[in-house]
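Okay, so here's the structure we're looking at.
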Amino acid sequence: MQIQLSDAGKKFNREWIFRGINFSFLPGTAYAITGPNGSGKSTLLQAIAGSLNLSAGKINWQANHTAVPDDKIYNYLSLAAPYLELIEEMTAREFLQFHASFKPLMPSVTIDSVLQLIGLEKAAHKQIRYYSSGMKQRVKLAQAVFSDVPLLLLDEPCTNLDTSGYQLYHQLILDYCRQKTIIVSSNDQQEIDFCTKRIQITDYK
């Protein structure tokens, strides 16, 4: 997935969150968006996801050298973020099946293998509302990482995870995301240490 930001800017009321961003995201590369809390990292990520309109400039998306319309970009990306809620009345198995019905899983995995990979096979039939915060975060990561799409967007992806959760996160990235364009919004060095490119959001105020 290739993404081009051209003089991109976003403001709320009269305050610019960021502006003047000219940047290219290239296929198969991992990027980190860094900056202080409240500086606009998540806002930029949501703009890249097509869920927020820019106040200035534009974003162009391309998949396999073909332009992707703004209203179709959601078909090409997956997102894990603390502010995205799970359907807690569902079990993990039901949730992943539901998600896969409109965003298919990678052909190399199944629902059963995903649950095993994230360590939730024994809790697969338990409603998500009874999960710990760390277990819920593993489900969020799974629906994003294993979606068969070229763009993976991650906002503070290890929120609520313990040491084993961080290890799982890195293993999933290493084993299943090498061909994807990855963009991570975070200040946690452990979440972004594999990213080869960095964007400091405060450079665009």
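Probe of 1.4 angstrom, ligands and nucleic acids ignored: what's the accessible area per residue over the chain, in square angstrom?
50
Suppose every K and R has +1 on its Cβ and every D and E has -1 on its Cβ; what is the size of the dipole of the chain about the Cα centre, in Debye to the nearest 20?
With Lys and Arg at +1 and Asp and Glu at -1, about 380 debye.
Of all accessible surface on the chain at a 1.4 Å probe, what whole percent is carbon and sulfur?
Taking all protein chains in place, the chain shows 47 percent carbon and sulfur surface.
Can you pick out the pairs among LYS11/LYS72; LYS72/LYS136; LYS180/LYS205; LYS103/LYS140; LYS11/LYS140; LYS136/LYS180 whose Cα atoms lie more than 19 Å from each other?
LYS11/LYS72; LYS72/LYS136; LYS180/LYS205; LYS11/LYS140; LYS136/LYS180
Taking the dipole about the Cα centre of the chain, with the C-beta of Lys and Arg at +1 and of Asp and Glu at -1, give me whichever of GLY9, ALA144, GLY165 is farthest to the positive side.
Sorting the options by dipole projection puts first GLY9.
Cα gyration tensor of the stretch 62-182, axes a ≥ b ≥ c as square roots of the eigenvalues: rounded (a/c below 1.5), prolate (a/b > b/c) or oblate?
prolate
Output the relative contact order of the chain, whole-number percent, from Cα pairs under 8 angstrom with separation of 6+ residues. Spell out each step's value before the answer.
Numbers: 369 pairs, mean separation 66.8, N = 205.
Result for the chain is 33 percent.
Between helix 92-102 and the chain, what is the angle of the helix's C-alpha long axis to the longest principal axis, kept within 0 to 90° and rounded to the nearest 10?
Between the helix axis and the principal axis of the chain, the angle is about 50 degrees.
Fully extended, how many nm does the chain gain between ARG14 and ALA124 (0.36 nm per residue separation, minus their Cα-Cα distance)?
34.9 nm
How far is the Cα center of the stretch 153-184 from the Cα center of the stretch 54-88, in Å?
Spelled out, the Cα-based centre of one part sits 19 Å from the other.
Highest first, please rank the peptides 189-196, 93-100 by the mean number of other Cβ atoms sitting within 10 Å of their residues.
The densest-packed peptide leads the list: 93-100, 189-196.
The values are calculated or read from the model by the stated rules, or taken from the named source; none is laboratory data. What you see is a predicted model, and the numbers here were worked out from it, not measured in a lab. Here Cβ is always computed from backbone atoms with ideal geometry, including for glycine, and neighbour counts include all displayed protein chains. Quick note on the areas: whole protein, heavy atoms, side chains included, nothing else; ligands and nucleic acids left out. Shrake-Rupley method; radii C 1.70, N 1.55, O 1.52, S 1.80 Å.
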